[in-house]
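Here the structure is laid out as structure tokens; the discussion comes afterwards.
The values are calculated or read from the model by the stated rules, or taken from the named source; none is laboratory data. Please read all numbers here as calculations on a predicted model, not as lab measurements. Positions of Cβ are backbone-derived with ideal geometry, glycine not excepted, and every protein chain shown enters the neighbour counts. Areas reflect the complete protein model, heavy atoms only, side chains present, ligands, DNA and RNA absent. Shrake-Rupley method; radii C 1.70, N 1.55, O 1.52, S 1.80 Å.
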Amino acid sequence: MNFERLAPAVSGDVISPAGVSPDSGGFFSVCIDSRAACEGALFVALRGEARDGHDFVAEAFSKGACAALVSREAARSLSALARDGGKTLIAVDDTLAGLQDAAKAYLAGFSGLLKIGITGSVGKTTIKELASSIISVEKSVVASRGNYNSDTGLPLSVFEARDFHEVGVFEMGMNRRGEMAALAEVLRPDIALISTIGTAHVGMLGSRQAIAEEKKAIFSKLGEKGVAFVPEDSDFRDFLAQGLRGRLRFYGEKSLAGFEGARSRGLSGSEIAFEGQRIAFALPGRHNVANALAAIALAREAGASVQAVKSGLEAARPMFARAEILRLGRATVIRDCYNSSPESLAEAVAFCDEAEWPGRRVYVIGDMLELGAHSRKAHEDMGRLLAGSKADAVFLFGPETEAAEASMREAAPDRDFSRFCDIDELALALRKNTRQGDMVLLKGSRGCALERLCAAFDKKEAPGVSGNL
């Protein structure tokens with residue numbers, strides 16, 4: 001993208017080296033981390049709570065960045081640096097808005113790209129990965145990396161689109177009001193899907209109704225030919241379906257044409273019957289079957305064949321800390337601790353309760369974060385859920401689980417459980433109290449980083465885990 005096209009898109013002024021015309025250059029990649037800058041990159045200087053990206057413009061230039069998107073205020077002090085290094089500055093009022101506007105303008109240049117947007121409180125990353133796996137069997141796909149779904153992550157993902165891509169599959173997340181509308185403005189999806197309306201980020205938005213309103217904004221930029229996918233079993237189904245432009249599609253076990261049922265294979269995943277095919281699906285749990293059905297719905301709308309559905313789902317594997325099954329020394333560990341919410345915790349516990357297992361069940365459950373005023377009740381419910389589970393032993397971790405401890409003690413005073421706030425103390429307790437053949441569930445919010453506990457099941461008996469963040 002050249003600077004001549006970028007400047008009006010971001011309402012910015014181009015400050016080029018002396019004697020260089022603004023339309024004579026451009027950039028080939030975009031970054032917001034100066035350490036990731038490379039030859040021909042545009043560095044976007046964002047201001048955060050802890051750091052100001054403008055302090056790292058010099059480093060980005062030294063690593064090869066050819067230009068920087070900066071605030072008008074900062075451009076005054078950075079102009080000499082840019083001039084001396086033969087670099088270009090694009091000065092704007094707001095660099096975050098500038099990044100988003102630039103991404104929107106860049107994406108507008110790919111008129112043949114079918115754009116798919118996915119959001120939801122739970123499951124959006126998995127659905128994105130599964131849909132990408134299916135569609136990419138037959139078409140060239142660009143997709144969000146990892147969980148690049150935020151007000152910065154989506155624009156960065158968009159800049160990875162190239163002329164040869166036929167379909168773009170993008171994840172869209174939010175944790176504040178207005179964020180989804182901004183992301184929809186950037187992507188302007190042709191197909192959009194909402195997975196669930198849960199309580200993740202309820203601390204920022206206040207209620208599930210507010211979350212539903214925010215998530216629904218993914219449909220705000222659909223055109224008349226656009227397609228909106230809504231879960232058939234959502235208690236917000238009618239609200240999400242109201243007033244949409246384009247075509248409305250419900251999806252799920254009853255709505256997905258060709259779905260013929262699924263059979264659990266325990267920790268090995270499920271067998272999904274679809275259009276006469278028997279699909280060996282490696283992601284375990286009923287919730288992952290639901291994610292697969294969402295991905296199938298998207299892929300079929302994008303033109304994927306039945307064979308592509310089978311090949312794509314059979315190629316899929318669990319992502320890091322999302323229902324990973326690990327054989328670690330004496331225990332089988334279900335590492336499902338990328339994040340946690342009341343809904344995803346209930347799904348994880350139900351899966352472990354229902355799985356056929358000859359040994360003990362040990363549930364290691366950490367804080368559920370970002371629940372705000374709802375946190376205490378949610379953790380009290382956690383305690384009652386665990387009290388009624390099939391766990392032989394429960395280990396709670398984090399300050400928020402104090403409420404879970406109290407409700408669990410009240411509901412099941414004779415149950416074997418304990419609570420820790422120190423990760424090394426928890427690891428030591430696990431080493432002492434887990435046995436050969438145990439199934440161990442690790443479930444908690446990202447801030448708990450429960451994956452550090454995997455070392456506790458190593459045969460080498462490592463002395464501590466707190467440094468393994």
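A few notes on this one:
- Each label was represented as a point 7 Å from its Cα along the Cα-to-Cβ direction; for Phe28 and Ala97 these points are 3.3 nm apart.
- Scattering from segment 62-192 was approximated by placing one identical point on each alpha carbon and applying the Debye formula without solvent; log10 I(q)/I(0) at 0.12 1/Å stands at -0.53.
- Met319-Glu185 pseudo-label distance in nm [points 7 Å out on the Cα-to-Cβ vector]: 2.6 nm
- Contact order for segment 58-106, expressed relative to its length and based on alpha carbon pairs under 8 Å spaced 6+ residues apart, stands at 40 percent.
- For the pair Ala80 and Asp422, the difference between a 0.36 nm per residue extended length and the Cα-Cα distance amounts to 118.1 nm.
- P(r), alpha carbons of the chain - 10 Å bins starting at zero, rounded %: 4, 19, 25, 24, 18, 8, 2, 0, 0
- Over segment 272-326, all Cα pairs binned in 5 Å intervals from 0 give whole-percent P(r) values of 4, 19, 30, 26, 13, 6, 1, 0, listed from short to long.
- Taking the 1.4 Å solvent-accessible surface of segment 163-227 as the whole, the part contributed by carbon and sulfur is 50%.
- Nearest-20 debye value, segment 305-452 charge dipole, Cβ charges on Lys, Arg, Asp, Glu: 480 debye
- Over the chain, relative contact order from alpha-carbon pairs under 8 Å, at least 6 apart, %: 11 percent
- Leu328-Arg145 pseudo-label distance in nm [points 7 Å out on the Cα-to-Cβ vector]: 2.6 nm
- Segment 26-86 - accessible surface per residue (Å², probe 1.4 Å): 52 Å²
- Size of charge dipole - segment 118-186 - debye, nearest 20, with Cβ of Lys, Arg +1 and Asp, Glu -1, no other charges: 200 debye
- A helix-only calculation puts the chain at -10000 deg cm²/dmol for mean residue ellipticity at 222 nm, using -39500 (n - 2.57) for each DSSP H run of at least four residues, averaged over all residues.
- Counted residue by residue at 0.36 nm each, then reduced by the alpha carbon distance between them, the extension gain from Asp238 to Val306 reaches 21.5 nm.
- Gain in span if fully extended, Asp353 to Asp55, counting 0.36 nm per residue against the direct Cα distance: 102.2 nm
- When +1 charges are put on Lys and Arg Cβ atoms and -1 charges on Asp and Glu Cβ atoms, the dipole computed for the chain relative to its Cα centre reaches about 700 debye.
- Separation between Cα centres of segment 310-378 and segment 150-223, rounded to whole Å: 25 Å
- Convex hull of Cα atoms in segment 73-141, direction-averaged projection (nm²): 7.8 nm²
- Each of Thr152, Phe56, Gly252 was placed along the dipole of the chain (beta-carbon charges, centred on the mean Cα), and the one lying farthest toward the positive end is Gly252.
- Contact order relative to length of segment 1-136, as percent, for alpha carbon pairs under 8 angstrom and 6 or more apart: 24 percent
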